[in-house]
Structures are given as structure tokens and as C-alpha cells.
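Student: Below you'll find the structure I mean.
No value in this document is a laboratory result; all are computed from the given coordinates. Keep in mind the model is a prediction, meaning the values are calculated, not measured. Every residue, glycine as well, gets a Cβ built from its backbone with ideal geometry; the counts of neighbours run over all protein chains shown.
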Amino acid sequence: MNDVSMPYETHGRTGQKSRTRTALVTAAREMVANGQTPTVDRAASAASVSRATAYRYFPNHASLLAAAHPETGTQSLLGDDPPDDPAARLDIVIRAFTTLIVETETQQRTMLRLSLEAQDAAPDHAPLPLRQGRAIGWITEALEPLRGQLTDEGLHRLVLAIRSATGIEALVWLTDMAGLSRDEAVDLMRGSARALLASALPV
């Protein structure tokens, strides 16, 4: 598990603490997979952990949701020996990203709903832990060979454009609103990523 640990977990019986944290996160993820809203109290009950102990690991609802997100532990999508060509690198990342989204669609939809509800409840609050921009990092890593060909601002805008055309938000719109099948939606997202990259490259 690559989630950021709370200070409580970094000393003492670290092995037991790691197992307790894993149990809480697993319980929360099972709730998300079932379309339920996980809370620290509910996760503690499901994991047979006391409420007081659970709050030492997750002091609030947002920190638990961030840990329960399906993408939390994934640091890179490029693999061990990625190609140098940015188009090939991007295709690897977008294929892996869209596969992840489809395979965890129920959880992704639940997290999207919870994220939007939290934002509506506190629109002026700090950025939500759920929207930590992991996909932004994956896409940026894919396009690193373009540094020097594009300005930093231009590269960032390209990454944002590609992210806006992929992910759970795009999948929901393409399937629920546009009526595409999941395979059609994935093909369109991958094609959009390729087209956006091609349009941004210097002639």
C-alpha cells in the first residue's frame, strides 16, 4: 500500500498498525464497490476495529475516501521499459487508464458522486483528496519526451486536454448521455488522446 501514512502508524507496533489500516481501507473499498458511502464509523464496524482506533488512522471522512480510491496505489502506468516515442508512451498510458476505469467503473462512479457531493457541500474548501490528479501525473510522465519541443505551459495544457477527454467523467457522458457502448467509449477516448497529441506537435 502506497498511501501516505499518518504519524500514528510510523512507530510502535507497525506491523499490526499496517494490518489494521489495510482492514479499514478494504472495508471502505467494499462499500464503494457496492455503491455505498463509506464513513470512518462504518469502516470501523465492518473491519471489527474500534471507532477510537479507526479515527487514529483516518481523522475524517475525506482522508478515508482518499485512501479507498481505486487508483491510490498506482504510481505509474508505463511499465518497466517504456518506449521513447511520446505517441507510443501515451497510448500505453491511455490504454491502461481506460482499462482501469472500466474495470473499476462502479467504484469510480461512486467516488465521482461522493466527490461532487462533497464539493457542493463545501465549494470554497481546499481541493478534495479524491481529485488528486493521479491521471495528470500519468499523462505527464507519458509526454516527458516532449519537453523542449513544447513549452512547459503548452505541455501542461496538452495534458489537461487529454485528461478532459478520458477518465470516469468522459466514460459517464459517452455511455449515459451519448449512448455508446463501453468498447466504443474507450475507443473514442483513446482516439481523442492521439488526436490531441498530434494537433499539439510542432509542424
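Student: Two decimals is fine: what's Rg over Rh for the range 130-203, C-alpha atoms, Kirkwood radius as Rh?
Tutor: 1.02
Student: Between E153 and D176, how high is the FRET efficiency from 1/(1 + (r/R0)^6) when r is the Cβ-Cβ distance and R₀ = 41 Å? Nearest 0.05. Walk me through the numbers on the way to the answer.
Tutor: Details: r = 33 Å, r/R0 = 0.82.
FRET efficiency, E153 to D176: 0.75.
Student: May I have the pair-distance distribution P(r) for the range 7-68, computed from all Cα-Cα distances with 10 Å bins from 0 and rounded to whole percent?
Tutor: 26, 58, 15, 1
Student: Over the range 7-68, what is the mean sequence separation of C-alpha contacts under 8 Å (at least six apart), divided by residue count, expressed as relative contact order in percent? Walk me through the numbers on the way to the answer.
Tutor: Details: 53 pairs, mean separation 22.4, N = 62.
Once normalised by length, the contact order is 36 percent.
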